[in-house]
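Written below as structure tokens is the structure these notes are about.
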Amino acid sequence: MAPPTTKQQRSGSNKKAQLGLFTSYVAATLGAVLGVLLLAVSLMRPEAFSGLRSMAADATAPVGEAGAATRVGTRNFFEAIAGYYEAGSRNAELEEELAIARVRLVEAEALAQENQRLRGVLGLTESDVEPVAVARLIGSTSSSARRYAYLSAGRRDGVEPGMPVTSPMGLVGRVVEAGSSTSRVLLLTDTDSIVPVRRATDNVVAFAEGRADGSLRIRLINLGVNPLEVGDIFVTSGAGGMFHPGVAVAMVSEITDDGAVGQLLGNPAATDVVVVQPIWQRQLVEAAAEPVTAPTPGPTPEAPGE
Amino acid sequence: MERLNPNSRRDAYGSKINRDHSLALVYGIPWLTIMLGSLTPLLPIIAPAPVFPPLGYIMLLGWRLSRPGLLPMWAGLPLGLVDDLFSGQPLGCGVLLFSLTMIGLELLEARFPWRNFWQDWLLACILVPIYLVVAALLSGTGFALSQLYLLIPQILLSLVAFPIVVSLVSVLDRLRLRRFKPMFR
């Protein structure tokens, strides 16, 4: 058992001890007040301290990168542990390949349809997207209610706030803060993240919002009879100009009143390397009232800070 | 004249005379390990939901409860700031909650100066869930009260993590209080 504090006297007439105790209470209270002020500022302007955060992330990135290099093939915390008990690593690999192939197939279908539509409208075909950077996710805010991940590429590699981040399986999120060698990615499952999507097979449009528990809430824009079925794949629609159309986002796993609950396809935990893509239609995004640094993906219905 | 055996004042570490604590370790280790705990977001775990215990905060509780008087009461300010830089919470959340925890524990210390491990754990079982819930509500998104069930796994993991962290703290405390000869001090 630890002895109680002996430095400070609780009672008695030692004026010096009383004063010391009083001073430390004042200091701690000032700390709390400062915390309230900082919190108010950062809640009102989320990007206020981004420089400070980026600096800290840049300074500690080597630690994270060393760890990320070991995270190859593991999917998430628990599956990684389970992997030691199940020796079926080969099986897991095949499964992953199959999953990628399945998503690729649906994406290809979506692309073909997108192509057809664009050709019809513009007489243009969508060219391949030139990636800005290829990097690792070096960590995530795993103990906070926010879903951010740290990326091992920053301004030096051409990464800028607003750029979409994708994995071979689908969309992962978008960059919100870029430091010089690291950046912070808002994952799709964050409650602040809203992505305009459409069903891969037709043009049922919706918004995919994060639910903070690893799944997405798919909210249909046109309310009426809910046409969704379990197993439907949603891809980005390109509305708002931020995300390239036709990137896989989620698969419907449960039908709700106003849409569905979708499982994330581009599970960031399952991917070792992610690709940062350029903003699809930069001028369109910049034309929006908010600057690109603010976490507002184009035409969000309830964009924060507007 | 009879002389002492020259090895009688020596042990495995050398002379037993004139050894003392290293100030850098005595005051550095608690601060350093709490800040290391705050670096958990750099672990290569990409979590789909909040699952990982807030090790920075639990480490602070561990040091504060097992070594009262070691951390000054204003320690919540710098330690909370470091935590905020990495945790993903809006900046200021950790500063506020860490500071309030330090004040609260000081008040509690005045009322209950002698506690055992079980009482400390009970205290952590009260403080950590409050910390996690308040941090989630202050996280700056539409994290509604109805979503609080999401925190249950994390809370349980944190409560289990507390004894482990405390035993880690006691190991670190032995390192902290090691005595060195002047040249290493």
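The values are calculated or read from the model by the stated rules, or taken from the named source; none is laboratory data. Worth saying up front: this structure is predicted, and the values here are computed from it rather than measured. Positions of Cβ are generated from backbone atoms using ideal geometry, with glycine treated the same way; all protein chains shown enter the neighbour counts.
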Check: So which residues in the range A:212-236 are of a type outside the set (Phe, Trp, Tyr), without any contact (Cβ under 8 Å) to a residue 60 or more places away in the chain and buried (at least 22 other Cβ atoms within 10 Å of the Cβ)?
Finding: A:Leu216, A:Ile218
Checklist line | Boolean, A:Thr60 is exposed (fewer than 15 other Cβ atoms within 10 Å of the Cβ), out of contact with any strand residue (DSSP E or B) (no Cβ under 8 Å at 6 or more places or on another chain) and either at pLDDT 65 or above or more than 19 Å from A:Pro161 (Cα to Cα) (or both) | finding: no
Next item on the list: Could you check how many residues of the range B:94-117 are over 25 Å from B:Ser38 (Cα atoms) and of a type in the set (Phe, Trp, Tyr)?
Entry: 2
Next item on the list: For A:Val185, indicate whether it is out of contact with any Gly (no Cβ under 9 Å at 6 or more places or on another chain) and either part of a strand (DSSP E or B) or within 14 Å of chain B (Cβ to nearest Cβ) (or both).
Entry: no
Notebook entry, point to check: Of the residues B:Gly69, B:Gly94, which is of a type in the set (Gly, Ala, Ser) and closer than 17 Å to B:Pro41 by Cα?
Noted result: B:Gly94
Check: Residues B:Leu145, B:Leu157, B:Leu151: which one is closer than 21 Å to A:Arg146 by Cα and away from chain A (no Cβ under 11 Å)?
Finding: B:Leu145
Checklist line | Matching option when the condition is at pLDDT below 90 and either under 20 Å from B:Cys125 (Cβ atoms) or within 9 Å of another protein chain (Cβ to nearest Cβ) (or both), among B:Pro72, B:Pro48, B:Pro78 | finding: B:Pro48
Next item on the list: Kindly indicate whether any position in the range B:74-84 is closer than 21 Å to A:Ala61 by Cα, in contact with a Lys or Arg (Cβ under 9 Å, 6 or more places away or on another chain) and either buried (at least 24 other Cβ atoms within 10 Å of the Cβ) or of a type in the set (A, V, I, L, M, F, W, C) (or both).
Entry: yes
Margin query: Quick test of your reading of the structure: A:Ala248 fulfils all but one of (1) within 30 Å of B:Leu43 (Cα to Cα); (2) surrounded by fewer than 20 Cβ atoms within 10 Å (Cβ to Cβ). Name the failing condition by number.
Written below: (2)
Notebook entry, point to check: For the range B:51-69, how many residues are part of a loop (DSSP other than H, G, I, E, B) and either basic (Lys, Arg) or more than 9 Å from chain A (Cβ to nearest Cβ) (or both)?
Noted result: 1
Notebook entry, point to check: Among the residues of the range A:137-151, is there at least one that is over 30 Å from B:Leu156 (Cα atoms) and either buried (at least 24 other Cβ atoms within 10 Å of the Cβ) or over 12 Å from the mean Cα position of the chain (by Cα) (or both)?
Noted result: no
Next item on the list: Would you mind stating whether B:Pro41 is farther than 22 Å from B:Leu123 by Cα and facing chain A (nearest Cβ under 10 Å)?
Entry: yes
Margin query: Can you say whether B:Gly104 is without any contact (Cβ under 8 Å) to a residue 40 or more places away in the chain, within 11 Å of chain A (Cβ to nearest Cβ), under 18 Å from B:Pro30 (Cβ atoms) and within 16 Å of the chain's Cα centre (by Cα), as far as the supplied structure shows?
Written below: no
Next item on the list: Check off (1) acidic (Asp, Glu); (2) without any contact (Cβ under 8 Å) to a residue 12 or more places away in the chain; (3) crowded, with 24+ Cβ neighbours inside 10 Å for A:Asp190 and give me the number that stays unchecked.
Entry: (2)
Check: What number of residues within the range A:170-182 satisfy the criterion of being within 14 Å of chain B (Cβ to nearest Cβ), hydrophobic (A, V, I, L, M, F, W, C) and either buried (at least 24 other Cβ atoms within 10 Å of the Cβ) or in contact with a Cys (Cβ under 8 Å, 6 or more places away or on another chain) (or both)?
Finding: 1
Item checked: Breaking point among (1) touching a residue at least 12 places away in the same chain (Cβ under 8 Å); (2) more than 7 Å from chain A (Cβ to nearest Cβ), for B:Asp84 -> (1)
